[in-house]
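The block underneath contains the structure these notes are about, expressed in structure tokens.
The values are calculated or read from the model by the stated rules, or taken from the named source; none is laboratory data. Quick caveat: nothing in here was measured; it's all calculated off a predicted structure. So basically every Cβ, Gly included, is an ideal-geometry build from the backbone, and we count neighbours across all protein chains shown. SASA here: full protein model, heavy atoms, side chains in, ligands and nucleic acids out. Shrake-Rupley method; radii C 1.70, N 1.55, O 1.52, S 1.80 Å.
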Amino acid sequence: MAPSRNGMLLNPHFHKDWQKRVRTWFNQPARKIRRRKARQAKARRIAPRPVAGPLRPQVRCPTIRYHTKARAGRGFTLEELKAAGIHKKTARTIGIAVDPRRRNRSTESLQANVQRLKEYRSKLILFPRKASAPKKGDSTEEELKMATQLSGSVMPIKLVHKSERARVISEDEKNFKAFASLRMARANARLFGIRAKRAKEAAEQDVEKKK
């Protein structure tokens, strides 16, 4: 039980070797410099590819609490790549992340990510493997000269919030009873099965009476 008010501390143990049990963090500034140098070395190593890595899809956060927020996902589905006309093996070679486990639950998300892939493909500058023998789909020499390394994330996801304009409340909105409507909808959903069963039984009884 914790002591109350400004009383004496019971059984204090202040003679332990407390310095052994303290975690120090004196290497934090040096670690910061090391991480920064590692990032710069990686950027030089993968140049002219983007520093932040491959293109990621736009996905919704799970659960009803966060599903209004859109964020970057792990990778594009095979269905999205097929709709955009990109092969799953080619996608990884041109900086597109692929996630074969993800599934498309709605047409809206599928179309949004297909559009994202097509936009990326139109902006992409593809270097030929051999400068002397460029293949079909590789960028021209003028485009290669314009190429610069992207420092931020590739096509960042922007959350668009549509603000509602102020207007006069209508009479229908004033008379609408939200709580009663919700209760009625819940009751209708709960009693749907038993009402259908009763209606079926009543119809069968009417048929028997007519006989």
Response to the item:
Over the stretch 15-26, the set of residues in a helix (DSSP H, G or I) and either aliphatic (A, V, I, L, M) or open to solvent by less than 100 Å² (accessible area, probe 1.4 Å) (or both) is none
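In the set P12, P100, P50, P29, which member is of a type outside the set (F, W, Y), out of contact with any Phe, Trp or Tyr (no Cβ under 8 Å at 6 or more places or on another chain), under 19 Å from I125 (Cα atoms) and not in a strand (DSSP E or B)?
Details: P12 fails: under 19 Å from I125 (Cα atoms); P100 fails: under 19 Å from I125 (Cα atoms); P29 fails: under 19 Å from I125 (Cα atoms).
When all the criteria are applied, what remains is P50.
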Discussion item. Out of everything in the stretch 74-88 that is open to solvent by less than 50 Å² (accessible area, probe 1.4 Å) and assigned to a loop (DSSP other than H, G, I, E, B), what residue ends up being nearest to P57 (Cα to Cα)?
Written reply: G75
Worksheet item: Is it the case that the stretch 130-139 has a residue that's under 30 Å from K162 (Cβ atoms), loosely packed, with under 10 Cβ neighbours inside 10 Å and free of Cβ contacts under 8 Å to residues at least 60 places away in the same chain?
Response: no
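Let's see how each residue does on (1) open to solvent by less than 100 Å² (accessible area, probe 1.4 Å); (2) part of a helix (DSSP H, G or I); (3) modelled with pLDDT of 95 or more; (4) of a type outside the set (A, V, I, L, M, F, W, C):
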residue	(1), (2), (3), (4)
E173	yes, yes, no, yes
S181	yes, yes, yes, yes
M184	no, yes, yes, no
N188	yes, yes, yes, yes
I194	yes, yes, yes, no
Practice prompt. Could you list all residues from the stretch 111-143 that are closer than 14 Å to I94 by Cα and of a type in the set (S, T, Y)?
Written response: Y120, S122, S139
Discussion item. For R71, only one of the following conditions fails: (1) in contact with a Lys or Arg (Cβ under 9 Å, 6 or more places away or on another chain); (2) in a loop (DSSP other than H, G, I, E, B); (3) not small (G, A, S). What is its number?
Written reply: (2)
Discussion item. Here are the criteria: (1) open to solvent by 80 Å² or more (accessible area, probe 1.4 Å); (2) out of contact with any Asp or Glu (no Cβ under 8 Å at 6 or more places or on another chain); (3) free of Cβ contacts under 8 Å to residues at least 40 places away in the same chain. Tell me which single one R60 does not satisfy.
Written reply: (3)
Discussion item. Among the residues in the stretch 143-161, are any out of contact with any helix residue (DSSP H, G or I) (no Cβ under 9 Å at 6 or more places or on another chain), over 30 Å from Q58 (Cβ atoms) and either open to solvent by less than 80 Å² (accessible area, probe 1.4 Å) or charged (D, E, K, R) (or both)?
Written reply: yes
Worksheet item: Of everything in the stretch 27-57 that's under 26 Å from I94 (Cα atoms) and of a type in the set (A, V, I, L, M), which residue is least open to solvent (accessible area, probe 1.4 Å)?
Response: L55
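Tell me, yes or no, whether the stretch 89-96 has at least one residue that is among the β-branched types (V, I, T) and open to solvent by 70 Å² or more (accessible area, probe 1.4 Å).
yes
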Worksheet item: Name the residues in the stretch 111-122 that are of a type in the set (D, E, K, R), modelled with pLDDT of 95 or more and crowded, with 16+ Cβ neighbours inside 10 Å, would you?
Response: R116
Practice prompt. Among the candidates I169, I125, single out the residue that is part of a loop (DSSP other than H, G, I, E, B) and open to solvent by 100 Å² or more (accessible area, probe 1.4 Å).
Written response: I169
